[in-house]
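Remarks on the structure that follows.
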Amino acid sequence: MARSFPDSFWAVVSELNGSVLWCDEEGSQVHILLPELRGAEQRLDGVLGPPIWRVQRAHRSELAYRDRRLHLLDRLEWRGMELADTAAIRASGILGLHGVPVAPVTEAAPPLWLFRLLIGADVPEKIRAAVVEAVRVREEGTFALLVNATGRRWATRLMSLARSGSPPQPSFIRALRRAMLWRGMRHPRATLVGCSLELRTEIALWRRPPVGWVALIGPDGTGKSTVQAGVQSKLSREFSGSIAVHWRPGVLLRSELGDTEAVRQPHAAALRGRFVSVLKLAFLALDWGCGNLLLIRPARAAGRLVVFDRHFVDILVDPRRYRYGGPAWLTALVARLVPSPDLWIVLDGSPEIIRARKDEVGAEDLARLRLGYLRLAARLENAEVVDVAGALDEVVDRVAELVLDMISRRTERESRPPPRTGQEYRSA
């Protein structure tokens, strides 16, 4: 905890009468309970600087910095239903090294675990292990907390899940949420207000997601899938998770078409006919539209990084790979309609390096593809060409740095106050 955040940060938390609800050993994720959130972020921005991205919801905020994320909460609640007595948790804190109270793990872990389950956030293994310990040490107290929050029937099921230490199935979470909403109807006004606030917040986040998304493009052999996996691992602390996608979202007929998987012999199959190619193009446009609505935007709104290995624009450079035999002007038109990422990464390298990794494309085709991708990069907005000649770690570090810079600039633009109107200038 001391290595992650400076002493000035803990001094501000102490001044705000905050307490630590949870902090992992590396200090990469810290949950702070505060009496109120109003003005807290501005105070913390003064000592930590602006975050890479931030998500603000009712009663909680999440701020991401380099190698760490900060969660600010003024209460543990879900859709108007309080999950634990946060005042009692804060009062139970023991002064830590920085003079900030730290809640006992066995008291803080169970409500935080339940809270993260309900909001759909990943529950780190260390929190699950702490819940197992809490059930062992404070079985009656943990059961009473769960009964008060969810009722006796679901408290029994949650205790069984807590003892196992394993993550729940999605169907379990859906059933738990339905039961919680039904239970919340005992106090319909608070529940309806909480649901409306969350719905309004989620719509706002869906319209303007806090996290941008990235597409890696380039010829075969430049290491797109390897760099994709490396960036996901490198930036695991800065985001609430990540999603890796190959070429198209794949929300429509993913397994049947099979073109969401890597192709080993890209130019072996014959071109489709003109009519079938146009139909396939229409399907791809529909898949991208639905994928943006159902996959890309919801993930970005939740603070997850979305990284594509290839994009629809690949068909502009290499139509033969996708067996496209239709008119070129139609693909260019559809490319304008398909959602574009906030950052294009064009991976490029010398023919010798690329063919040493993959020799499935001939020398002439490779030269044509390299030229096509470089010309495409010159036309695309927010495109960066990255040379893959160096070591893999160097390439991953370079791409990760470009991703963080892009999202930081995006956050700065979003948080910038709008220009004053003439009336405001005259009033000032």
>> I need a count of the residues in region 73-82 that are within 17 Å of G120 (Cβ to Cβ) and in a strand (DSSP E or B).
In response: 4
>> For region 78-99, give me each residue that is touching a Leu at 6+ places or on another chain (Cβ under 6 Å) and at pLDDT 90 or above.
In response: W78, L83, A84
>> Can you say whether R398 is without any contact (Cβ under 8 Å) to a residue 60 or more places away in the chain, in contact with a strand residue (DSSP E or B) (Cβ under 7 Å, 6 or more places away or on another chain) and part of a helix (DSSP H, G or I), as far as the supplied structure shows?
In response: yes
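Residue-by-condition table, conditions (1) of a type in the set (A, V, I, L, M, F, W, C); (2) in contact (Cβ under 8 Å) with a residue 60 or more places away in the chain; (3) within 17 Å of V20 (Cβ to Cβ):
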| position | (1), (2), (3) |
| --- | --- |
| H71 | no, no, yes |
| T86 | no, no, yes |
| R90 | no, yes, yes |
| G93 | no, yes, yes |
| G96 | no, yes, yes |
| A103 | yes, yes, yes |
| I119 | yes, no, no |
>> Within region 253-302, take every residue that is modelled with pLDDT under 90 and acidic (D, E) and give me the one that is surrounded by the fewest Cβ atoms within 10 Å (Cβ to Cβ).
In response: E256
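With respect to A11, determine if the residue is over 19 Å from R138 (Cβ atoms), in the same structural domain as L192 (by TED's automatic domain parsing), among the aliphatic types (A, V, I, L, M) and within 27 Å of the chain's Cα centre (by Cα).
Numbers: over 19 Å from R138 (Cβ atoms): yes; in the same structural domain as L192 (by TED's automatic domain parsing): yes; among the aliphatic types (A, V, I, L, M): yes; within 27 Å of the chain's Cα centre (by Cα): no.
Against the criterion (over 19 Å from R138 (Cβ atoms), in the same structural domain as L192 (by TED's automatic domain parsing), among the aliphatic types (A, V, I, L, M) and within 27 Å of the chain's Cα centre (by Cα)), A11 does not qualify.
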>> Tell me whether region 62-72 contains one or more residues that are crowded, with 19+ Cβ neighbours inside 10 Å and assigned to a helix (DSSP H, G or I).
In response: no
> Here are some residues: G120, G96, G18. Which one is over 25 Å from E412 (Cα atoms) and surrounded by 20 or more Cβ atoms within 10 Å (Cβ to Cβ)?
Replying inline: G18
>> Against the condition more than 30 Å from R355 (Cα to Cα), assigned to a helix (DSSP H, G or I), free of Cβ contacts under 8 Å to residues at least 60 places away in the same chain and touching a Pro at 6+ places or on another chain (Cβ under 7 Å), how does L199 come out, does it pass?
In response: no
>> With in the same structural domain as P219 (by TED's automatic domain parsing), in contact (Cβ under 8 Å) with a residue 12 or more places away in the chain and under 23 Å from the mean Cα position of the chain (by Cα) as the only criterion, which of R321, R300, R355, R370 stands out?
In response: R300
> In region 145-192, what count of residues is obtained for those that are more than 12 Å from L118 (Cβ to Cβ) and aromatic (F, W, Y)?
Replying inline: 1
> Looking at L305, is it at pLDDT 95 or above and either closer than 22 Å to E384 by Cβ or buried (at least 19 other Cβ atoms within 10 Å of the Cβ) (or both)?
Replying inline: yes
>> Given the criteria over 26 Å from Q29 (Cα atoms), part of a helix (DSSP H, G or I) and either within 14 Å of the chain's Cα centre (by Cα) or among the hydrophobic types (A, V, I, L, M, F, W, C) (or both), does A229 qualify?
In response: no
> What number of residues within region 48-93 satisfy the criterion of being more than 25 Å from the chain's Cα centre (by Cα) and at positive phi?
Replying inline: 0
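The values are calculated or read from the model by the stated rules, or taken from the named source; none is laboratory data. Computed from a predicted model, the values in this text were never measured in an experiment. For neighbour counting, all protein chains shown are included, and Cβ atoms are generated from backbone atoms with ideal geometry for every residue, glycine included.
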